[in-house]
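First up is the structure itself, then whatever we jot down about it.
The values are calculated or read from the model by the stated rules, or taken from the named source; none is laboratory data. Just so it is clear, the model here is predicted, and its values are computed rather than measured. Every residue, glycine among them, receives a Cβ derived from its backbone with ideal geometry; neighbour counts consider all protein chains shown. For the accessible areas, the whole protein counts, side chains as well, though only heavy atoms, and no ligand, DNA or RNA atoms are used. Shrake-Rupley method; radii C 1.70, N 1.55, O 1.52, S 1.80 Å.
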Amino acid sequence: MNTRDLSANIPYRAGRGIEEVARDLGLDPAALIKLSSNENPFGPSPNAIEAIETAAKDVHTYPKAAHTDLTAAIAAEWDLSPEQVWLTPGGDGLLDYLSRAMLSEGDRVLAPDPGFAYYPMSARYHGAVVESYPLSKEDGFAQTAPAILDQYDGQRFIYITTPHNPSGSEMALEEIEMLAAETDSETLIIVDEAYGEFTDAPSARRLLDERDDIAILRTFSKAYGLAGLRLGYGLIPAEWADAYERINTPFAVNLLACHAGLAALSDDAHVEKTVETTRWAREFMEEQLDARTWPSGGNFILAEVGDGAAVAEAAQKEGVIIRDCGSFGLPECIRITCGTEESTRRAVDTLNEIIGGD
Ligand SMILES: *Cc1c(COP(=O)(O)O)cnc(C)c1O
């Protein structure tokens, strides 16, 4: 018995969890800080925790009303119709749903390199061929329409990440608009705004008023602190938004996630505290890390440290878990998530000791 040929599908490697690392090193999990997966260091909104507790007794039912309510709340937040909001299991789920809705066997897609690992994975699962456009370290990972158009020749999707993971660079709205204008009407620009809450730059939402070739990814995993619930959504052009019902897995998002998402949406204070601390941490790391860094619009900083894997391993021994960027094709770099004030300071002290060689 065999699966179909999956040899082109590279397994997704998540940042390691605290329990895993603690077990390996024989350390108390409470002594570790995890700044490797861009999670919210303050945890979920207390309102979301309460909503999950309240909803727990209802998990024997399908999440019909909760799904509808959350969709409506998000639609109101973005001033769109509910059909234009596709709830999905994480932002990753949206990538799959767009693949399902748009890709045919043999279609080509264009993804950033370095870039988020799930773009090529999702496209390949759905029979597409993956091509890439380079973001260069020498240019500060600049994202411009002309540079992407250099690699474009009719691909079905172009993935844009802004702020970009792992570099933190951003693509200006005018550049996204230019890219959409210059590409075929059957090329979808997927604007991944997983880190959208952390930047001052405007969302690409405005383009949905004028265009039908842009879809936007948002998630509750980062600023909203609900990564464990797997809750994300897409903002979709009105013209084909009704495709959702033809391609979704019934009740795409679970009951607890729907209730928690609703509660989290109404807790502005939690998101504000998160974003404010993130800005402080970004600045602090840029100033204090003894390494080259790049300006970041996300809740993380990319730093060039020589041998990223060795630095990550040494930091882990000191109880600080960060991400080495070998899997992004940047083995000389690490990515550090913005933590609380305390954990960010500890990470910087630990890393500076390692980088400084003492
Ligand atoms: C975290 C992330 C996502 C979405 O993650 P989910 O947990 O599936 O919502 C999407 N794109 C990028 C670039 C990310 O870093």
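Brief remarks follow.
- Helix-only [θ]222 nm of the chain, DSSP H runs n ≥ 4, -39500 (n - 2.57) each, per residue, nearest 500: -11000 deg cm²/dmol
- Residues of segment 263-296 falling in the label zone of E342, defined by backbone nitrogen less than 13 Å from a point 7 Å along Cα to beta-carbon, are absent.
- Segment 60-121-segment 220-234 distance, computed between alpha-carbon centres (Å): 12 Å
- Most fluctuating residue given options E239, E20, E313, as computed from a GNM of the chain linking Cα atoms under 10 Å: E20
- For segment 132-241, relative contact order (Cα pairs under 8 Å, six or more residues apart, normalised by length) works out to 21 percent.
- Between the residues P166, L229, V191, the greatest Cα displacement towards the positive end of the dipole of segment 46-265, with unit charges on the Cβ of Lys, Arg, Asp and Glu, is found for L229.
- Two-site FRET efficiency, N352 against M1, from Cβ-Cβ distance with R₀ of 51 Å, rounded to 0.05: 0.45
- Loop-located trypsin sites (Lys or Arg not before Pro) in segment 1-52 (DSSP state not H, G, I, E or B) with no more than 12 neighbouring Cβ atoms inside 10 Å: R4, R13.
- Qualifying GluC sites (Glu not before Pro) in segment 48-156, DSSP loop, other Cβ atoms within 10 Å at most 13: E105
- Whole-angstrom Cα spans of segment 189-284 along principal axes, big to small: 45, 33, 18
- Here the chain is treated with +1 on each Lys and Arg Cβ and -1 on each Asp and Glu Cβ, and its dipole about the Cα centre works out to around 1100 debye.
- The alpha-carbon of K317 sits under 24 angstrom from the alpha-carbons of these lysines, leaving out residues fewer than 8 places away in its chain: K34.
- Listed residue (Y152, T249, S104) projecting farthest to the positive dipole end of the chain, Cβ model: T249
- GluC sites (Glu not before Pro) restricted to segment 151-223 and DSSP loop, no more than 16 other C-beta within 10 Å: E186, E210
- Accessible surface of the chain [probe 1.4 Å, protein heavy atoms]: carbon and sulfur percent: 49 percent
- Using every pair of separate Cα atoms, the Kirkwood estimate puts the hydrodynamic radius of segment 154-219 at 12.0 angstrom.
- Between F42, A180, P63, the Cα set farthest toward the positive side of the dipole of the chain (charges on each charged residue's Cβ, about the Cα centre) is that of P63.
- Semi-axes of the equivalent ellipsoid for segment 99-209, computed as √(5λ) from the eigenvalues of its C-alpha gyration tensor and ordered from largest down, come to 21, 16, 14 Å.
- For the chain, the Cα-based Rg and Dmax, in that order, read 20.2, 60 Å.
- Across Y195, Y62, Y133, mean-square fluctuation computed from a Gaussian network of the chain (C-alpha pairs under 10 Å connected) peaks at Y62.
- Accessible surface computed residue by residue for segment 46-265, with neighbouring protein chains in place and a 1.4 Å probe, gives 40 Å² per residue.
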